[in-house]
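Q: Take a look at the following structure, please.
The values are calculated or read from the model by the stated rules, or taken from the named source; none is laboratory data. Keep in mind it's a predicted model, so treat the numbers as computed, not measured. As a convention, Cβ positions derive from the backbone with ideal geometry for all residues, glycine included, and neighbour counts pool all protein chains shown.
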Amino acid sequence: MQTDLLKGTGVAIVTPFTKKGDIDEKALRKLVQHLIKGKVEYIVVLGTTGESVTLSKDEKKKVIDIIVSENNKKLPLVLGVGGNNTQDILNDLKTFNLSDFTAILSVSPYYNKPSQEGIYQHYKAIAKASPLPIILYNVPGRTSSNIQWQTTIRLANDFKNIIGIKEASGNVEQIMKIIYHKPKNFLVISGDDNLTLPLIAAGADGVISVVANAYPKKFSDMVRYALKGDFEKARKEHYSLMFFTEQLFADGNPGGIKFALSEMGIIQPYLRLPLVLPNKQVQSEIKKWIKIIG
């Protein structure tokens, strides 16, 4: 595939719920239109920000159907297909209709804490089974294990359909080593909104963003400026969002972004347990920064 389709800003779209806890189809359609109008490059469906681990198989299919329908082929779509049960992922790859997706994003196994060889074998099995290109997802803060840069490079070199990594380790030196050693067309994608600008300066290809749910145009403009080397304009947009972005994660994701989107009138402020909205102090800060940003 052309990896250029996945350069720039992808959005890890949230899953809106009603007060009763059902999927809020109207709000989800509204959010998809908000992202399309904001001119982001692609949408990531059923990522961790989409609370995918709390959705049943039928609900996941419903979310996919709504987003595919509302998007209507306007933006490339990436599907989150990951977990800590390798066989379960292989089964999902057989049962999900993947025809409307450009690639899959697969989070590294959580809780099990596999060795680096276990991580390699996990992704090897997915690479052999997947009909779509694969983006690795390293997020040690959630998985309790790190994909070391050597393992990423080994996977990138061994499997042509492993086309990139979303790196949310926060370890800039590790990410720079991936950028230095990677094959030519292998994508390095920031998984931390506030590290996106420095990572692009170091050679990264873009971001899979949370904050762009709320400010798709502002954040994707920042990324495009940075990719073009116009760091003066990129810095202006980066700093205008930096403190707002910090608050989104101050008391848990996606509670922060869901609260922000509810304040903006796009979705209702509901999550599924065990997740809850951020505390009142963080809510107050988010409200303050929405007023400042405008």
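Q: I'm trying to understand the selection: among the residues of region 136-154, which are part of a helix (DSSP H, G or I) and among the aromatic types (Phe, Trp, Tyr)?
A: Step one: of region 136-154, the residues part of a helix (DSSP H, G or I) are 140-143, 149-154.
Hit for region 136-154 is Trp149, nothing else.
Q: Oh, and also: Which condition from (1) under 25 Å from Gly252 (Cα atoms); (2) assigned to a loop (DSSP other than H, G, I, E, B) is the one that Ile175 breaks?
A: So Ile175 meets the others, but not (2).
Q: Answer with yes or no whether Leu55 is more than 21 Å from Thr152 (Cβ to Cβ) and either surrounded by 20 or more Cβ atoms within 10 Å (Cβ to Cβ) or aromatic (Phe, Trp, Tyr) (or both). Walk me through how you get there before you give the answer.
A: Working: more than 21 Å from Thr152 (Cβ to Cβ): yes; either surrounded by 20 or more Cβ atoms within 10 Å (Cβ to Cβ) or aromatic (Phe, Trp, Tyr) (or both): no.
Considered against the rule, which asks whether it is more than 21 Å from Thr152 (Cβ to Cβ) and either surrounded by 20 or more Cβ atoms within 10 Å (Cβ to Cβ) or aromatic (Phe, Trp, Tyr) (or both), Leu55 comes out as no.
Q: Another question about this same structure. Does Asp205 count as charged (D, E, K, R), farther than 25 Å from Glu51 by Cα and surrounded by fewer than 21 Cβ atoms within 10 Å (Cβ to Cβ)? Give the steps one after another, and end with the answer.
A: Numbers: charged (D, E, K, R): yes; farther than 25 Å from Glu51 by Cα: yes; surrounded by fewer than 21 Cβ atoms within 10 Å (Cβ to Cβ): no.
No, not satisfied.
Q: Related question: What residue, among those in region 179-198 that are part of a helix (DSSP H, G or I) and within 30 Å of Glu263 (Cα to Cα), is nearest to the chain's Cα centre (by Cα)?
A: Of everything passing the filter in region 179-198, Asp193 is nearest to the chain's Cα centre (by Cα).
Q: Can you tell me which residues in region 3-51 are modelled with pLDDT under 95 and surrounded by fewer than 21 Cβ atoms within 10 Å (Cβ to Cβ)?
A: If the condition is that a residue be modelled with pLDDT under 95 and surrounded by fewer than 21 Cβ atoms within 10 Å (Cβ to Cβ), then Thr3, Asp4, Leu5 are the ones that fit.
Q: Out of region 91-132, which residues are touching a residue at least 24 places away in the same chain (Cβ under 8 Å) and among the acidic types (Asp, Glu)?
A: Asp100
Q: Still on this structure, please answer the following. Could you tell me how many of the residues in region 2-39 are among the charged types (D, E, K, R) and farther than 15 Å from Asn71 by Cβ? If you could, list the steps in order and put the result at the bottom.
A: Quick first cut of region 2-39, residues among the charged types (D, E, K, R) only: 4, 7, 19-20, 22, 24-26, 29-30, 37, 39.
After this cut, where a residue has to be farther than 15 Å from Asn71 by Cβ as well, the list is 4, 7, 19-20, 22, 24, 26.
The number of residues fulfilling the criteria is 7.
Q: Can I ask one more? Within region 45-134, considering only helices (runs of 4 or more DSSP H) that don't extend past its boundaries, which have at least 2 residues that are under 21 Å from Asn213 (Cα atoms)?
A: Values: elements: 57-71, 86-95, 116-129.
Correct list: 57-71.
Yes/no per residue for (1) at pLDDT below 95; (2) over 24 Å from Lys62 (Cβ atoms):
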{"residue": "Thr86", "(1), (2)": "no, yes"}
{"residue": "Ile104", "(1), (2)": "no, no"}
{"residue": "Asn112", "(1), (2)": "yes, yes"}
{"residue": "Leu136", "(1), (2)": "no, yes"}
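Q: Looking only at region 22-42, count how many residues are part of a strand (DSSP E or B) and either of a type in the set (A, V, I, L, M) or over 15 Å from the mean Cα position of the chain (by Cα) (or both).
A: Keep residues of region 22-42 that are part of a strand (DSSP E or B), which gives 23, 42.
Now restrict to residues that are either of a type in the set (A, V, I, L, M) or over 15 Å from the mean Cα position of the chain (by Cα) (or both): 23.
Count: 1.
Q: Being modelled with pLDDT of 95 or more, within 18 Å of Gly118 (Cβ to Cβ), of a type outside the set (A, V, I, L, M) and in contact with a Gly (Cβ under 9 Å, 6 or more places away or on another chain), is that true of even one residue in region 151-169?
A: yes
Q: Read through the list (1) in contact with a Lys or Arg (Cβ under 6 Å, 6 or more places away or on another chain); (2) of a type in the set (Asp, Glu); (3) over 30 Å from Val53 (Cα atoms), then give the number of the only condition that Asp230 fails.
A: (1)
Q: Mind counting the residues in region 1-21 that are in a helix (DSSP H, G or I) and within 19 Å of Gln268 (Cβ to Cβ)?
A: Selection size over region 1-21: 0.
Q: Of everything in region 107-124, what is surrounded by fewer than 12 Cβ atoms within 10 Å (Cβ to Cβ) and small (Gly, Ala, Ser)? Give them in sequence order.
A: Result: Ser115, single match.
Q: In region 43-62, how many residues are β-branched (Val, Ile, Thr) and over 16 Å from the mean Cα position of the chain (by Cα)? Full working, then the answer.
A: Going residue by residue through region 43-62, those that are β-branched (Val, Ile, Thr) are 43-45, 48-49, 53-54.
Going one step further and asking which of them are over 16 Å from the mean Cα position of the chain (by Cα), we end up with 54.
Here the count works out to 1.
Q: Would region 240-256 turn up any residue that is part of a helix (DSSP H, G or I), over 16 Å from the mean Cα position of the chain (by Cα) and without any contact (Cβ under 8 Å) to a residue 40 or more places away in the chain? Show your work before the answer.
A: Our first condition is that a residue be part of a helix (DSSP H, G or I); within region 240-256, this holds for 240-248, 255-256.
Now narrow it down to the ones that are over 16 Å from the mean Cα position of the chain (by Cα): 240-244, 246-247.
Filter once more, keeping what is without any contact (Cβ under 8 Å) to a residue 40 or more places away in the chain: none.
Checking region 240-256: not a single residue is part of a helix (DSSP H, G or I), over 16 Å from the mean Cα position of the chain (by Cα) and without any contact (Cβ under 8 Å) to a residue 40 or more places away in the chain.
Q: Taking the criterion of being acidic (Asp, Glu), farther than 21 Å from Gly265 by Cβ, surrounded by fewer than 18 Cβ atoms within 10 Å (Cβ to Cβ) and in contact with a helix residue (DSSP H, G or I) (Cβ under 7 Å, 6 or more places away or on another chain), would at least one residue in region 89-106 satisfy it?
A: yes
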